[in-house]
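The structure appears right after this line, and notes come after that.
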Amino acid sequence: MGGSVTVDLICAVCEAGGLGMQGVSWHEPDALAAEIAAIRRRTARPFAVNLVLEWDQHARLSQCIDAGAPVISLFWGDPTAYFPKLRAARAKTIVSVGSADEAKRAADLGADAICAQGFEAGGHVWGQVGTMVLLPAVVDAVAPLPVIAAGGIADGRGLAAVLALGGAGAWIGTRFLATPEAGAHDEWKRRIMAARETATVHTELFDLGWPKAPHRVLRNSTYDLWDAAGRPPSGLRPGEGDPVARQQDGEALLRYSDISPNQGTTGEIEAACLYAGQSAGLVRDLIPAGELVTQICAEAEAALARADALRRS
Ligand SMILES: Cc1cc2nc3c(=O)[nH]c(=O)nc-3n(C[C@H](O)[C@H](O)[C@H](O)COP(=O)(O)O)c2cc1C
């Protein structure tokens, strides 16, 4: 989740038995190597790195492989060009998809696991199909390859549902933003905890930095301003180019920027791009990330036991 994922967050998840993942799509070469080294120093457990294929990622992929990243995840677009390198390195690879056809193509390329990202998901959203239908469709298309579901999962009931639908695991974003370890700004965390399940919009609005890329965010004053102006196209929107906040390094965060506010950002946090999935409606409290992993697993076991008791009754 871009700059919102800290080494603390990744390592807490890994140590609790999850697979922490860092997005390295925008890292400079030195920063990428340092990030992987920092994770390695803190945990002996496997972790993953994620590359967004909107941009050429061949150099970063080589760096991830050279640094020995245990799992590599690819998102957004056709991963074909990256597979010769991945296969040669025998790197464990997860490919995110939005349809069963895409999943089949990724499986044929040699992916080790598939992430089925549903329409409910927070952040950038590749496909159009909700997790409830996408997951079993992808499971059927690529069996026996493991399929991990992303989008709409915030607690153990969601994990139990994923398992019941044939999934091998849950890939959870928004819920982990509301942890003390996440680097997200406190106001963004607070708004996720206060959100109802209807609080997000699927839009292309926050496009400075990454145009024409649908994403899901909390509906906010920037969205309302644009909506009230009759939804004009990019370039003609109200307040276009206005700084709404300032990042820690002093750089202006412009209205409609795709950059979200992290700790150290100052200004009108509410008006910035606050990525969140529909699952924000299920998030009510700030929980340490390791405890959250444990809690989700315990809740899933309870949910599965409840379902079993129903079956027997
Ligand atoms: C703040 C934020 C940033 C994200 N950045 C990325 C990213 O860089 N790469 C990626 O594959 N997915 C990214 N995602 C999407 C997640 O991988 C995942 O699909 C999504 O969070 C699942 O839905 P959920 O938020 O309801 O759990 C991001 C999601 C959020 C909330």
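Details
- In the stretch 173-189, the qualifying residues are those that are part of a loop (DSSP other than H, G, I, E, B) and over 20 Å from Gln295 (Cβ atoms), and the one that is nearest to the chain's Cα centre (by Cα) is Gly183.
- All positions within the stretch 33-70 that are surrounded by 15 or more Cβ atoms within 10 Å (Cβ to Cβ) and in a loop (DSSP other than H, G, I, E, B): Thr43, Arg45, Phe47, Leu53, Glu54, Gln57, Ala67, Ala69, Pro70
- The residues listed here are Ala16, Ala100, Ala44; of these, the one that is more than 16 Å from the ligand (Cβ to nearest atom), closer than 27 Å to Thr294 by Cβ and in contact with a helix residue (DSSP H, G or I) (Cβ under 8 Å, 6 or more places away or on another chain) is Ala16.
- Among the conditions (1) open to solvent by less than 30 Å² (accessible area, probe 1.4 Å); (2) among the hydrophobic types (A, V, I, L, M, F, W, C); (3) under 20 Å from the mean Cα position of the chain (by Cα); (4) at negative phi, the only one that Val129 does not satisfy is (1).
- Residue match in the stretch 149-172 (condition: in contact with a Cys (Cβ under 6 Å, 6 or more places away or on another chain), open to solvent by less than 10 Å² (accessible area, probe 1.4 Å) and part of a strand (DSSP E or B)): yes
- Scanning the stretch 1-25 for residues that are surrounded by fewer than 17 Cβ atoms within 10 Å (Cβ to Cβ) and at pLDDT below 95 yields a total of 0.
- Here Leu159 fulfils each of the conditions (1) within 16 Å of the ligand (Cβ to nearest atom); (2) under 24 Å from Val24 (Cα atoms) apart from (2).
- For the stretch 71-81, the set of residues classified as among the polar types (S, T, N, Q) and either open to solvent by 30 Å² or more (accessible area, probe 1.4 Å) or not assigned by TED's automatic domain parsing to the domain that holds Trp55 (or both) consists of Thr80 only.
- One residue from Ala111, Ala107 being in the same structural domain as Trp126 (by TED's automatic domain parsing) and assigned to a loop (DSSP other than H, G, I, E, B): Ala111
- Of the candidates Glu251, Glu291, Glu240, Glu270, the single residue that is open to solvent by 20 Å² or more (accessible area, probe 1.4 Å), in the same structural domain as Asp8 (by TED's automatic domain parsing) and either within 24 Å of the chain's Cα centre (by Cα) or among the charged types (D, E, K, R) (or both) is Glu291.
The values are calculated or read from the model by the stated rules, or taken from the named source; none is laboratory data. Quick caveat: nothing in here was measured; it's all calculated off a predicted structure. Here the Cβ is made from the backbone with ideal geometry for all residues, glycine too, and neighbour counts use every protein chain on show. Heads up: the accessible areas ignore ligands, DNA and RNA and are worked out on the full protein's heavy atoms, side chains in. Shrake-Rupley method; radii C 1.70, N 1.55, O 1.52, S 1.80 Å.
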